[in-house]
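The values are calculated or read from the model by the stated rules, or taken from the named source; none is laboratory data. Everything quoted here is computed from the prediction, not taken from an experiment. Cβ placement follows ideal geometry from the backbone for every residue including glycine, while neighbour counts extend to all protein chains displayed.
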Amino acid sequence: MKRSILYQVLVGCGFCIFFGCSGSGGDVKLAEADGTVTYKGSPLAGADVTFVPEKGPLAQGRTDLNGKFTLSSGALRGVAVGPAKVSVSAFPPSSTDTPKKMDMSQPKTPEEAQAFFNKAGEMQIAMGQGGQAAEPPKALVPERYLRADSSGLSYTVNANGDNHFKIELQD
């Protein structure tokens with residue numbers, strides 16, 4: 001009985017290895033790609049550039065102060081070869097990115113201690129209630145660029161070619 005089960009498991013694993021591992025995951029080739037993004041003729045810093053290939057994983061990069069980016073697909077450098085639609089998003093830095101500092105020095109008087117506990121209580125209540133729903137930040141680029149299907153941007157990534165893309169955004 002034990003041999004029969006072991007045999008079935010081994011045969012099943014063999015089929016999985018033979019038929020399952022030859023799937024389409026291996027036929028996606030990545031090529032290194034980079035570029036620059038400008039908006040109204042000026043470099044766009046801190047923008048997220050996303051390439052959405054027809055086949056393969058999406059690739060992303062973030063622009064530096066000069067508008068330059070390098071694309072990566074997950075942990076792998078590069079983007080799938082072939083046609084891709086592109087989106088570019090850029091938002092102003094949020095004032096909520098860094099929490100407000102609270103004076104953590106040791107209170108010296110009972111009044112300072114009470115003020116500290118009152119402030120901490122106010123902060124907890126504000127965090128628990130979530131407060132007023134914050135309005136989402138306004139994009140620094142026209143909304144059409146935020147989605148690959150509406151941006152009007154598309155490029156072809158070549159297997160052994162020059163994959164330096166100049167993305168020029170306008171109003």
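Look through segment 28-43, keep the residues that are closer than 19 Å to residue 92 by Cβ and over 17 Å from the mean Cα position of the chain (by Cα), and return whichever of them is surrounded by the most Cβ atoms within 10 Å (Cβ to Cβ). Full working, then the answer.
Here is the first cut: in segment 28-43, the residues closer than 19 Å to residue 92 by Cβ are 37-40, 42-43.
Then keep just the ones that are over 17 Å from the mean Cα position of the chain (by Cα); that gives 38-40, 42-43.
Details: 38: 17, 39: 21, 40: 10, 42: 8, 43: 15.
This residue is 39.
Just checking, how many residues over segment 134-156 are under 20 Å from the mean Cα position of the chain (by Cα) and either touching a residue at least 60 places away in the same chain (Cβ under 8 Å) or assigned to a strand (DSSP E or B) (or both)?
Residues that pass the stated criteria total 9.
In the list 74, 56, 20, 67, which residue meets the criterion of being modelled with pLDDT under 95, buried (at least 19 other Cβ atoms within 10 Å of the Cβ) and not acidic (Asp, Glu)?
Matching residue, one of 74, 56, 20, 67: 56.
Of the numbered conditions (1) in a helix (DSSP H, G or I); (2) among the hydrophobic types (A, V, I, L, M, F, W, C); (3) modelled with pLDDT of 95 or more, residue 86 fails exactly one; give the number of that condition.
(1)
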